[in-house]
1. Can you give the net charge of the other residues whose Cβ lies under 13 Å from the Cβ of residue 12, counting K and R as +1 and D and E as -1?
2. When the convex hull of the Cα atoms of the range 225-267 is projected onto a plane and the area is averaged over all directions, what value comes out in nm²?
3. Which of 138, 179, 298 moves the most in a Gaussian network model of the chain with Cα springs under 10 Å?
4. Given 272, 154, 71, which one lies farthest toward the positive end of the charge dipole of the chain, if we put +1 on the Cβ of every Lys and Arg and -1 on the Cβ of every Asp and Glu?
5. What trypsin sites (Lys or Arg not before Pro) does the range 227-295 have in DSSP loop regions with at most 10 other beta carbons within 10 Å?
6. Rounded to the nearest 20 debye, what is the charge dipole size of the range 172-291 about its Cα centre when +1 sits on each Lys and Arg Cβ and -1 on each Asp and Glu Cβ?
7. Which ordering of 244, 190, 17 is given by a fewest-first count of other beta-carbon atoms within 10 Å?
8. Scaled to the compact-protein estimate 2.2 N^0.38 Å, what is the alpha-carbon radius of gyration of the chain, rounded to two decimal places?
Amino acid sequence: MTFSSKIKDELSRTEITDILTAKAEMSALTRTMGYLSLKGLNKIEVEFSTENAAVARRIFRLLKTAFKIPAQVSVESTNRLKKRNNYIIKIGNSLSKNFLLDTSIIRKGVSNNIMTFDFGVPNELIKNDDCKKTYIKGAFLGCGSVSDPEKSYHAEFVSEKEEHSRGICSLLDDFCIKGKTIFRKGYYVTYIKESEQISDLLALMGANIAVLEFENVRAVKETRNQINRVINCETANLDKIVDTSVRQINSIRVLKKYKVIDRLPDHLKELAYLRLKHTNASLKELGEMLNPPLGKSGVNHRLRKIEEIAEEYQNMKRGVDK
């Protein structure tokens with residue numbers, strides 16, 4: 001089962017507390033996964049189709065609880081590679097029009113011959129925070145998804161109607177969840193990328209078990225990333241130390257080759273021989289071996305001076321050879 005399926009299964013099992021929130025949720029489900037069929041003579045039929053059994057049960061319960069509609073349920077087998085059941089819930093013609101009015105798909109005051117459809121988020125059904133949260137939950141059940149947090153952080157709502165997609169984005173913004181809307185492959189997509197915001201979305205919808213799983217994965221990933229950053233930093237520092245040590249030793253060997261090392265001032269000569277003897281020692285360790293001991297910056301300064309002398313001598317030798 002995918003992470004999105006787990007979330008939808010959990011949300012589908014949440015309690016239906018009152019008629020107002022149930023209508024808001026059903027309104028979102030209708031706008032995101034409902035199909036309207038015009039039968040002629042002003043007749044209309046509403047149908048829902050889903051491969052998710054939990055969502056199908058949720059729609060059936062909402063219709064029965066909030067609208068007192070005895071919906072017809074049927075099951076069909078799909079012809080896809082992975083054969084799955086497709087659950088179809090139908091509302092008959094005699095009940096469809098009132099249902100569409102209650103969910104604000106059809107606006108009140110419409111004439112008998114002309115039906116005006118509204119596919120945006122219906123403000124009259126989301127007058128309080130509970131109804132807004134439930135509407136977001138319904139929209140997620142109908143057109144939402146969250147990627148596996150082990151792989152990436154991404155949540156999205158996919159809609160055919162721009163006004164509905166932007167309405168969802170505005171609803172999320174009411175709860176400080178910043179979504180962005182784009183047009184992709186013929187659909188309008190409201191998406192969220194920030195892991196903390198996705199966690200807030202799950203909590204907002206009431207998917208508490210999913211929140212715990214998401215946060216556990218996020219904590220493990222962040223710890224792993226922190227460890228990797230420390231290791232990479234230490235590796236980079238070690239590489240830098242090794243490169244610097246090799247450069248210093250090469251410079252000292254140049255001075256030794258041309259018998260210049262013993263003509264260095266005593267404080268530089270002592271450090272040069274120490275560096276040749278202890279090739280893997282850090283600056284701090286070299287400083288502690290000196291008499292009197294010297295700090296890292298002092299050791300670094302002296303080694304730089306040795307490198308400068310070696311470079312000057314090499315340049316001079318090159319000039320003489322020419």
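Where a number appears in this text, it was derived from the coordinates with a stated rule and is not lab data. Keep in mind that this is a model prediction, so the values were computed, not measured. Glycine also receives a Cβ, built like all others from the backbone with ideal geometry; neighbour counts cover every protein chain displayed.
1. Numbers: positive: 6, 8, 13, 57, 58, 61, 137; negative: 9, 10, 15, 25.
Every neighbour counted, the sum reads +3.
2. 3.7 nm²
3. Largest GNM mean-square fluctuation: 298.
4. Result: 272, furthest along the dipole toward the positive end.
5. Filter output for the range 227-295: 259.
6. On the way: 20 positive and 16 negative charges, 209 e Å.
Magnitude of the dipole: close to 1000 debye.
7. So the ranking, lowest neighbour count to highest, is 17, 244, 190.
8. Here the Cα radius of gyration is 1.80 times the empirical estimate.
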